Amino acid sequence: MNCQEFLERYSEFRDIDEADTEPDSFEAHLDSCPACRRYHEVVERGVELARSFSGPPIREDFEDRLRHHIYHADLVAHTRRRDGSSPLIAVALAAAAILAGVGAWGPISTITTAPTVDLPGISASAPQVRTILEPQPVQQSPERSPAFLNHSNLWSESNTLLYEHSNLYHRYRDGTLIRTGLH
Amino acid sequence: MFAEKKTHDAFGVIPAGDTRKELASLGDSEVVQKFLDGEERAFGELVRRYDSRLLNFVYRTVGDRERAQDLVQETFVRVYRHLHRFDQSKKFSTWIYTIAGNLAKNELRNRSRNPLVLFQAIKKNWDADHRPLEWEDEAYKPDDLFRKRHLKEKVDEAVQQLPEHHRIVFVLRELEGRTYEEIAEITDTNLGTVKSRLNRARNNFARIIAPMVD
Ligand SMILES: [Zn+2]
């Protein structure tokens, strides 16, 4: 065996448990070749060092975050499957489930039972109509003000939620409308 | 799914302490079966068994502590949601490493969306696969204090300098102790590819680390 062959087949020697190779020829070469002996030592020592340095520690809140993610992912998926309702409702339900479920998940937490609380019935009524912040006239050239922004229904009550949560709302408030963000 | 499991758990069919001890004494496949049977605590046992190991593996692969934590979180979320699809004739550890490995690979792929970065990565991979294997022990040896101070950095750096497809097999074999077959499954390659990449990865690693090693 020469040095080139030793390098090319080195893994057969290092992973002897994985190969059907007899180590004799490798060992004979190592006995007679200081360069390849050094190579083998460097690999062994380097790997030993790499193993001895522990990686980053698991963050303290790792399990809490994981519990949160699992509840969230599971409930959103379940809600979507069930009735195809909007992601907003699913997220709200997920948040409620997290509040209810935190601490009750057995595998990680030590709390094994959750108290049962009788709550009074909830009656809901329609929310008050909020004042809608009308967009101010855009202080920019007309070609940068898309025509659909003037559509009368866009700012109507039924679109309040959409409007207030869209990029348009914030950009108008800042008075720095450049693009609509809708493509 | 949740309601059923939570109810079962909340009733505390078995006291928590005993359950934990019992779970800790089981093999992976039995813990998986417990979870599938509705024992939620079994998932906690899997998390305890694999969180640090996966974090090490993913961190070594992507080289970013914070992202590694996120990717390990995502791995467990996927395990939780898809465990019922896991083929129980296979090893659970291989399956969970495959999920983590795929997430790590996606992370690296997303980083190389820039065409220039992508080109450099392809070139680096090509060079690493085709460069003749060589070994020349350089005479340079830093003094002891310097060496001690920088050893950890150098070792980490040596692993990070390996091209992605060499790094992942190197980490799985040398730092995680996986078999060739497991590595082939985790990286979705064949045994021959695993062997050749591993040999080249070791050669590269040795050349980088040599000046620091007595
Ligand atoms: Zn030699």
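The values are calculated or read from the model by the stated rules, or taken from the named source; none is laboratory data. Only a predicted model underlies this, so the values are computations on that prediction, with no experimental measurement involved. All Cβ positions, glycine included, derive from the backbone under ideal geometry; neighbour counts span all protein chains shown.
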So if I check each of A:E8, A:E48, which one is acidic (D, E), within 16 Å of the ligand (Cβ to nearest atom), without any contact (Cβ under 8 Å) to a residue 12 or more places away in the chain and farther than 30 Å from B:R78 by Cβ? A:E8
Spot the failing condition for B:L26; the list is (1) within 12 Å of chain A (Cβ to nearest Cβ); (2) under 22 Å from B:R85 (Cβ atoms), and only one is missed. (1)
Of the residues in segment A:14-44, those that are acidic (D, E) and more than 12 Å from chain B (Cβ to nearest Cβ) number 5
Single match in B:R200, B:R147 (criterion: at pLDDT 90 or above, within 12 Å of chain A (Cβ to nearest Cβ), surrounded by 15 or more Cβ atoms within 10 Å (Cβ to Cβ) and out of contact with any Pro (no Cβ under 7 Å at 6 or more places or on another chain)): B:R200
Of all residues in segment A:11-43, which are aromatic (F, W, Y) and either more than 15 Å from the ligand (Cβ to nearest atom) or farther than 23 Å from B:L191 by Cβ (or both)? A:Y39
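Residues of segment B:185-200 being among the β-branched types (V, I, T) and assigned to a helix (DSSP H, G or I), which ones?
B:I186, B:T187, B:T193, B:V194
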Quick check: anything in segment A:56-68 β-branched (V, I, T), within 10 Å of chain B (Cβ to nearest Cβ) and assigned to a helix (DSSP H, G or I)? no
Single residue of B:R78, B:R65, B:R49 found to be out of contact with any His (no Cβ under 7 Å at 6 or more places or on another chain) and at the interface with chain A (Cβ under 8 Å from one of its Cβ atoms): B:R65
Could you list, in sequence order, the residues of segment B:43-72 that are surrounded by fewer than 19 Cβ atoms within 10 Å (Cβ to Cβ) and closer than 23 Å to B:R20 by Cβ? B:R48, B:R49, B:S52, B:R53
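Only one of these is farther than 15 Å from A:V47 by Cβ and basic (K, R): B:R197, B:R178. Name it.
Exactly one of B:R197, B:R178 is farther than 15 Å from A:V47 by Cβ and basic (K, R), namely B:R197.
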